[in-house]
Each structure stands twice: as C-alpha cells, then as structure tokens.
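Asks: Supplied in structure tokens, the structure appears directly below.
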Amino acid sequence: MTDAPAPPEEEPTEDAVIPADDLGEPGPPLNHRAPFFVGFVGGLGFLIALWLALQIRSIGPTLMLVVVALFLAAGLNPSVEFFERRGMRRSYAVVTVIIAFLLAVTLFVVAIAPVIADQVKALTDNVPQWLDDLQRNKQVQRLDEEYDVISKVEDYVTGGDFLGAIFGGAVGIGLAVLGALFNGFIIIVLTLYFLASLETTKTAAYRLAPASRRDRVSKLGNRVIRSVGGYVSGAFVVAMCAGISSLIFLFAAGLGEYAVALAFVVALLDVIPMIGATIGAVIVTAIAFATDWKIGLACAVFYVIYQQVENYVIYPRVMSKSVDLPGAATVIAALIGAALFGVVGALLAIPTAASILMLVREVWVRRQDAR
C-alpha cells in the first residue's frame, strides 16, 4: 500500500486565533556600528567616567590617608619578616612590631615633644631680639633706606590682616592642629590594621589574576611590596642619621638650647626627597647666624660636608637593595609627585616610580625581547 498524500496545509485566515504565547520571530540584532548607538553608548560611558572621577576627587584626602597608611605598613613589614625569619609566628611578630611602634610613638610624645615645645618657645622669644640686631646691621640699614623694607614688614605684622592670613587666625590654627592630630591618629590606626592583614590582603588581591599567571603576579607583587618597604624603612634610617648627627653637632657648636628642636626639624625634613635636607640645613644655619656668626659659619660648613656624605655614602648604601632608579628618574618622579599631591606626593613618588620601572622591565621589556 502506498501512503496517502498529506493534505495541504491550510493558510491562516484573518479570523484565525493566534496562540497567547506566540510572540513572533525576534528581529535582527542592533547594529553596534550605527552612529546613534556608538554616540549614545560613548556619551553614557563618558558621563559615568566623569561621575566616578568627581566622586574619587571628593574623597581624595581620605584616599591619601589610606595610601600613606599602606606605605607605612609596607615599611613596617620588613620588621615583621625579621622576627619571622627567627622562628616567630607572623601573628606574634605583628603584635611585637605593633607594640614597639606604639611604644616609640608614646615615648616621643611623652619625652621628646615637651622638650621640642620648650625649645620652640625659646626660639620664638628670641626672634624680636634677632630682628633688632638685624636692623642695626649696616647693610640692612642701607637696603631699608633704599626700599623701605623694615617699615613694610612692621606694618604688615602689626596690621589686622596678618593673623587672618596665617591659617585664618587663632581659630584656624587650632583647627589645623586638631585636623593634623586627627589625620595622624587615623593613619596610625589604618597602618596597624593593614600591617596585621597584609598577607590576607595580598592573597585576596593576587586571586584576581588568572590562575595561569597568578604565580608570576604574586612574585611581582611581593617584590613591589619589599621595594616599598625597603624604601620607607631606608628613608627613616637616613633621616635618623641626619637628626642624630645634627643633634651631636649642635650641642658641640654651642646651640644646645635649641639642639633637640632643630635636630627634629632636620630629621623630619630630610625625609622629603631632593630639597628636604637643604631646607633643614638652611633653617638651622640661619638660626645659628642669628645667634653668632661663627656658629653659623660652622653650621654651613658642617651641612655642606654632611650632605655630600649622605648623598654619596649613606643614601646609596641604605637604598641600594630597595630602590633602583636612575638619578634623572628620581628627580622627575619627585617633581611630578610634588606637583600632583604636594609633600606627600614627593614622599611616595620615588618608591612608586621604582615599582613601575621594575614592572616595565619584568613585563613589557621581557615581552618585547621575546618577539
């Protein structure tokens, strides 16, 4: 038997009922190269990027505190690793370093800060006498006769706008001090948290990389952290050398009344790349000249010699294992960092530039050599 031919399909009529779940055939996909689509998506992306940039800018000071705390945590991490190499568990090593750090801060506040405050007060009390001596100088008198410098300075100081120009007066000074203390407290707390959770944070960050590249990413990241930590701890060592040598010299030169305060200023400014040591030397030398020209001359000679020793002996030996940057790159990085973020940017620019240069050498240059 042969199969009967299938009956012809009936064409749907206008009165035929369409099933409720029949939504029709999907249309062709959107043309992603259409001018309207490209313009709309591009404009939307630009607006989102602009909004994100404004939000990041609004929290810029907070992000800067976080970055400074991260750098300090990386600087304290070599101390933790020092205890780990001697058999101490990391948790105990972190607790030991944190306790030592807090004890150092407390010792500074309790023992050294009052001495510095007293010596700063003594300095400010002697400023009027130094100004009177300066007015008696024949060269200064000649310049005053020609340009009327002293009277202009006196009018500006005695005028009502002088205090308003400095931090907005007494209220502004108080708010600035409170803000600095609060920021310092926040940095200390964040530093301790980052130091305690550094290994966990690194592990979580490395897991964002693909599994095939995770080992190399972790090794590069560890080298960057060691480089930053070495630079921070090395900068602290160099600053301590400058402060201690200045303290010994100032006591020997006859400026013991201000030695602790001036040595602290030198150590603090010595952390700033390129210009910090010079600024500290100029401040101390100027105060020494105001006290006695012989002491001022001795200070000038001492700091000229010491800066050569620091630049060519102390700094290279301390930083040789942590920062590998050409001299020109160091200067350019510090200038860019200072232009973008001020003193903090100058402090963080050199280790950041060293880390970027290391990554370029290890990633991009190696890939170019392999082609």
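Asks: Considering the range 172-186 alone, what residues qualify as being at pLDDT below 85 and surrounded by 15 or more Cβ atoms within 10 Å (Cβ to Cβ)?
Replies: Asn183
Asks: Across the range 281-294, which residue is nearest to Leu250 (Cα to Cα) among those that are surrounded by 16 or more Cβ atoms within 10 Å (Cβ to Cβ) and at pLDDT below 85? Don't jump to the end; show me each part of the working.
Replies: We begin by selecting, within the range 281-294, every residue surrounded by 16 or more Cβ atoms within 10 Å (Cβ to Cβ); these are 281, 284-285, 287-291.
Restricting the remaining residues to those that are at pLDDT below 85 gives 287-291.
Values: Ile287: 11, Ala288: 9, Phe289: 13, Ala290: 14, Thr291: 12 Å.
Applying the filter and picking the extreme gives Ala288.
Asks: I would also like to ask the following. From the list Val66, Val105, pick out the single residue that is among the hydrophobic types (A, V, I, L, M, F, W, C), modelled with pLDDT under 80 and surrounded by 10 or more Cβ atoms within 10 Å (Cβ to Cβ). Steps first, answer last, please.
Replies: On the way: Val66 fails: modelled with pLDDT under 80.
One residue alone meets the criteria, Val105.
Asks: Would you mind finding the one in Ala253, Ala281, Ala298 that is under 30 Å from the mean Cα position of the chain (by Cα) and on the phi < 0 side of the Ramachandran plot? Reasoning before the result, please.
Replies: Numbers: Ala253 fails: under 30 Å from the mean Cα position of the chain (by Cα); Ala298 fails: under 30 Å from the mean Cα position of the chain (by Cα).
Selected residue: Ala281, the only one of Ala253, Ala281, Ala298 that is under 30 Å from the mean Cα position of the chain (by Cα) and on the phi < 0 side of the Ramachandran plot.
Asks: Which residues, taken from the range 336-351, are touching a residue at least 12 places away in the same chain (Cβ under 8 Å) and either surrounded by fewer than 17 Cβ atoms within 10 Å (Cβ to Cβ) or in contact with a helix residue (DSSP H, G or I) (Cβ under 7 Å, 6 or more places away or on another chain) (or both)? Break it down into steps so the answer makes sense when it comes.
Replies: Looking only at the range 336-351, we keep the residues that are touching a residue at least 12 places away in the same chain (Cβ under 8 Å), and these are 336-337, 341, 343-344, 346-351.
Selection gives Ile336, Gly337, Phe341, Val343, Val344, Ala346, Leu348, Ala349, Ile350, Pro351.
Asks: Might you check whether a residue that is modelled with pLDDT of 70 or more, touching a helix residue (DSSP H, G or I) at 6+ places or on another chain (Cβ under 7 Å) and of a type in the set (Gly, Ala, Ser) occurs anywhere in the range 86-96?
Replies: Checked the range 86-96: at least one residue is modelled with pLDDT of 70 or more, touching a helix residue (DSSP H, G or I) at 6+ places or on another chain (Cβ under 7 Å) and of a type in the set (Gly, Ala, Ser).
Asks: Within the range 253-274, is even one residue within 30 Å of Leu359 (Cα to Cα) and not aliphatic (A, V, I, L, M)?
Replies: yes
Asks: While we're looking at this one, here's another question. Could you tell me which numbered condition Val228 fails, if it satisfies all but one of (1) modelled with pLDDT of 85 or more; (2) closer than 22 Å to Glu84 by Cβ; (3) not small (Gly, Ala, Ser)?
Replies: That leaves (1) as the condition not met.
Asks: Hey, can you tell me all the residues within the range 273-306 that are closer than 27 Å to Gly337 by Cβ and not in a helix (DSSP H, G or I)?
Replies: Pro273, Met274, Ile275 - these are the residues of the range 273-306 that are closer than 27 Å to Gly337 by Cβ and not in a helix (DSSP H, G or I).
Asks: Output the number of residues of the range 297-313 satisfying the condition of being under 23 Å from Thr352 (Cβ atoms) and either surrounded by fewer than 18 Cβ atoms within 10 Å (Cβ to Cβ) or at pLDDT below 80 (or both).
Replies: Residues flagged as under 23 Å from Thr352 (Cβ atoms) and either surrounded by fewer than 18 Cβ atoms within 10 Å (Cβ to Cβ) or at pLDDT below 80 (or both) within the range 297-313 amount to 1.
Asks: Please verify whether Glu257 is more than 21 Å from Met240 (Cβ to Cβ) and surrounded by fewer than 21 Cβ atoms within 10 Å (Cβ to Cβ), treating the condition exactly as stated.
Replies: Working: more than 21 Å from Met240 (Cβ to Cβ): yes; surrounded by fewer than 21 Cβ atoms within 10 Å (Cβ to Cβ): yes.
Yes; evaluated as a whole, the condition is true for this residue.
Asks: Now for a separate question. Whether any residue in the range 330-351 is closer than 21 Å to Lys219 by Cβ, assigned to a helix (DSSP H, G or I) and within 21 Å of the chain's Cα centre (by Cα) is what I want to check.
Replies: Within the range 330-351, the first condition is being closer than 21 Å to Lys219 by Cβ, and the residues that meet it are 351.
Now narrow it down to the ones that are assigned to a helix (DSSP H, G or I): 351.
Now restrict to residues that are within 21 Å of the chain's Cα centre (by Cα): 351.
Yes: one or more hits.
The values are calculated or read from the model by the stated rules, or taken from the named source; none is laboratory data. Since the model is a prediction, treat every value here as computed from it, not as a measurement. For neighbour counting, all protein chains shown are included, and Cβ atoms are generated from backbone atoms with ideal geometry for every residue, glycine included.
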